Amino acid sequence: MTEVELWTDGACSGNPGPGGWAALLRKGRHERVLSGGEPVTTNNRMELRSVVEGLRALKRPCRVRVHLDSSYVKNAFTNGWIARWQRNGWTTADKQPVKNRELWQELMAEASRHEIEWVKVRGHAGVKLNERVDRLACAERDRQPVRPSGRAARGMGRGSV
């Protein structure tokens, strides 16, 4: 089975606000960078999106070491949160609907194709590849449209270019 490293990060200015995500896939000396953003989102959504898109880019099942600075994403898998949410009808221990359910379901579908090792890295601590995906995610965040009021646009309305 092919072994791949996946480095991911999400960034958001305001919560919600404009956001970006980035994923870096490495196999030996080969790299592939993916990134994107949304005008109105949350940091957790961007963290999730980065892992979803990174795993989705793999065309066949792989052994993937996912490096991320998001405890939210890692702990959902390693601490059994997802299994518990599913058993409880996608509600939390507080009986509230799980936020970002559709992204969690996308991530579960992508993760099911691979053998994954979740590696938590400390954000903004000088870890070279984590800093790289952070810069890419921030660049995507900064590309998002902003209204004159300084708040992110909610989308293109009629008559918009």
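Summary table below
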{"quantity": "Any hit, the range 100-116, residues being modelled with pLDDT under 95 and either acidic (Asp, Glu) or closer than 20 Å to Glu5 by Cβ (or both)", "calculated": "no"}
{"quantity": "First in the range 14-28 and outside any strand (DSSP E or B), second anywhere and not polar (S, T, N, Q), Cβ under 6 Å, 6 or more apart", "calculated": "Pro16/Val40"}
{"quantity": "Selected residue [within 25 Å of Gly14 (Cα to Cα), outside any helix (DSSP H, G or I), within 20 Å of the chain's Cα centre (by Cα) and modelled with pLDDT under 95] from Gly155, Gly123", "calculated": "Gly123"}
{"quantity": "Unique residue being of a type in the set (Phe, Trp, Tyr) and within 19 Å of Ser50 (Cβ to Cβ) when the list is Trp90, Trp118", "calculated": "Trp118"}
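The values are calculated or read from the model by the stated rules, or taken from the named source; none is laboratory data. What you are looking at is a predicted structure, and each value in this text was computed from that prediction instead of being measured. Cβ sites come from the backbone with ideal geometry, for glycine too, and all protein chains shown count toward neighbours.
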